[in-house]
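Here's the structure, in structure tokens; my notes come after.
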Amino acid sequence: MYEALTTFGGGPPNNRHFGLYKRWGQSKWGMIITGNIQVDPHHLTLGRDMVVPDTITPESVAPFVQLAQCCRNDNSSGPATLAIVQLSHTGRQSPRIVGGRSFFKAPSAPSTVPLQSRHENDGVLSKLFHKFLFIPPRELGDDEVETVIQSFVRGAEVMRDAGFDGVQLHASHGCKWSVA
């Protein structure tokens with residue numbers, strides 16, 4: 001899921017997130033999974049992603065603490081809602097312009113396999129737009145793989161400290177772990 005509620009360029013959750021998740025939390029769901037929270041500010045989806053903070057301080061973690069609290073129905077009768085955070089690295093799915101990188105810098109991915117349109121009957125304009133927006137990715141080097149792993153570990157630690165009950169790693173349709 002993608003809420004598109006942060007400021008352009010990504011950032012922490014804000015009052016719009018808190019209002020949305022508080023409403024869901026009060027609806028007595030058994031579990032709420034957040035939208036994508038990116039572990040790399042240079043690989044955003046549409047530029048308004050929540051992002052794990054680079055510097056971990058009580059102040060930088062506080063918005064995530066508030067988000068976890070909003071997900072729960074602690075103030076109502078019955079069991080609290082489980083609050084699960086979805087961590088993501090968009091990989092080859094990170095577009096030009098709004099993806100957090102310079103215009104010509106390719107996204108990094110496990111391979112150089114480009115993101116393809118899944119529709120054979122796409123028109124010419126659709127195909128051109130897709131080619132313009134999603135340039136072929138650059139394959140990660142071994143040292144970069146370790147950096148990506150550590151960014152997920154750091155994200156999971158931040159979310160644990162913020163009070164989330166669990167973490168889901170987003171790995172579909174072009175994200176970091178999706179190769180084909």
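For the chain, what does the helix formula give at 222 nm: sum of -39500 (n - 2.57) over DSSP H segments with n ≥ 4, over the residue count, nearest 500 deg cm²/dmol?
Taken over the chain, the calculation gives -10500 deg cm²/dmol.
Can you sort D122, D142 by solvent-accessible area, 1.4 Å probe, largest first?
Of D122, D142, the descending order of accessible area is D142, D122.
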Rounded percent of accessible protein surface that carbon and sulfur make up, the chain, 1.4 Å probe: 59 percent
Test item: Cα-centred dipole of the range 11-98, Lys/Arg +1 and Asp/Glu -1 on Cβ, debye: 360 debye
Placed amide H near I135: partners under 5 Å, 5+ positions off or other chain: R96
The chain: Lys pairs at Cα distance under 29 angstrom, eight or more positions apart or on different chains: 5
Magnitude of the charge dipole, the range 15-154, Cβ model with Lys/Arg +1 and Asp/Glu -1, debye to 20: 640 debye
Residues with amide H under 5 Å from that of Q86, placed H, sequence gap 5 or more: T34, I37, Q168
Residue (of T112, N14, G163) at the positive-pole extreme of the chain, dipole from beta-carbon charges: N14
Sequence-distant residues sharing a close amide H with V51 (under 5 Å, placed H): G11, Q38
GNM result for the chain, Cα springs below 10 Å: residue of R154, R118, R96 fluctuating most strongly: R118
Distance between modelled label sites at T112 and L82, nm, 7 Å Cα→Cβ extension: 4.2 nm
Correct choice for P(r) over Cα pairs in 10 Å bins from 0, in percent that was computed from the model, options (1) 8, 23, 19, 10, 8, 7, 6, 8, 7, 3, 1, 0; (2) 9, 28, 26, 16, 9, 7, 4, 1, 1, 0; (3) 10, 35, 32, 17, 5, 0: (3)
Ranking by accessible area, most exposed first, for I84, I97, I33 with a 1.4 Å probe: I97, I33, I84
Per-selection Kirkwood Rh - the range 118-159 (Cα, Å, 1 d.p.): 13.4 Å
Dipole axis of the range 26-90 (+1 Lys, Arg; -1 Asp, Glu on Cβ), positive-most option in F64, W29, L46: W29
Using a Förster distance of 25 Å, the FRET efficiency for F103-M1 (Cβ separation, nearest 0.05): 0.35
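The values are calculated or read from the model by the stated rules, or taken from the named source; none is laboratory data. Computed from a prediction, not measured in an experiment: that's the story for all the values here. Because the Cβ atoms are built from the backbone with ideal geometry, glycine has one as well, and the counts that use them run over all protein chains shown. Surface areas here come from the heavy atoms of the whole protein model, side chains and all, with no ligands, DNA or RNA. Shrake-Rupley method; radii C 1.70, N 1.55, O 1.52, S 1.80 Å.
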